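The values are calculated or read from the model by the stated rules, or taken from the named source; none is laboratory data. The structure presented is a predicted model; accordingly, all values stated were derived computationally and were not measured. All Cβ positions, even for glycine, are placed from backbone atoms using ideal geometry, and neighbour counts span all protein chains on display.
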Amino acid sequence: MYSFDNLFVQIVGAKYVRLYGPEETDNLYVLSGGEGPAYGKQGNMSALNCEKEDFTGKHKNAKNAKFTEVLMLPGDLLFIPSKTWHYVRGLSTSISVNFWW
């Protein structure tokens, strides 16, 4: 799986971003191979709904995953290092730009 550094720039509106370091991979139930929907076959997607974690069912280890939350507003720039797991949800109509290298 390829992973790149990412500059995430919020232009208009607001977004919620949750970041998990690569050391949390084992707690994030990464989809791979034949598991789950087609979009998960690249090995860079998680089976979690990270805002509604299931700590009692099949995602028990998710409660151990440490994360950082960020609110992105117009003009904000966030550096997301390579191999950092991230979840992004729009809080309003918004425009964002990513630069990967």
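Assorted remarks:
- Subset of the stretch 11-23 (residues that are over 15 Å from Glu69 (Cα atoms) and either in contact with a helix residue (DSSP H, G or I) (Cβ under 7 Å, 6 or more places away or on another chain) or touching a residue at least 24 places away in the same chain (Cβ under 8 Å) (or both)): Ile11, Val12, Gly13, Pro22
- The stretch 54-71: number of residues that are assigned to a loop (DSSP other than H, G, I, E, B) and under 14 Å from the mean Cα position of the chain (by Cα): 3
- Number of residues in the stretch 1-26 that are surrounded by 14 or more Cβ atoms within 10 Å (Cβ to Cβ), touching a Gly at 6+ places or on another chain (Cβ under 9 Å) and at negative phi: the value is 5.
- Listed by first and then second residue, the pairs linking a residue in the stretch 51-71 that is surrounded by fewer than 11 Cβ atoms within 10 Å (Cβ to Cβ) to a residue that is among the small types (Gly, Ala, Ser), with Cβ atoms under 9 Å apart and 6 or more places separating them unless they lie on different chains, are Phe55/Ala62; Lys58/Ala47; Lys66/Gly21.
- Odd one out for Gly34, checked against (1) at pLDDT below 85; (2) touching a strand residue (DSSP E or B) at 6+ places or on another chain (Cβ under 9 Å): (2)
- Matching residues in the stretch 58-101 - criterion: being at positive phi and at pLDDT below 95: Lys83
- In the stretch 81-101, the residues that are assigned to a loop (DSSP other than H, G, I, E, B) and exposed (fewer than 14 other Cβ atoms within 10 Å of the Cβ): Pro81, Ser82, Leu91, Ser92, Thr93, Trp101
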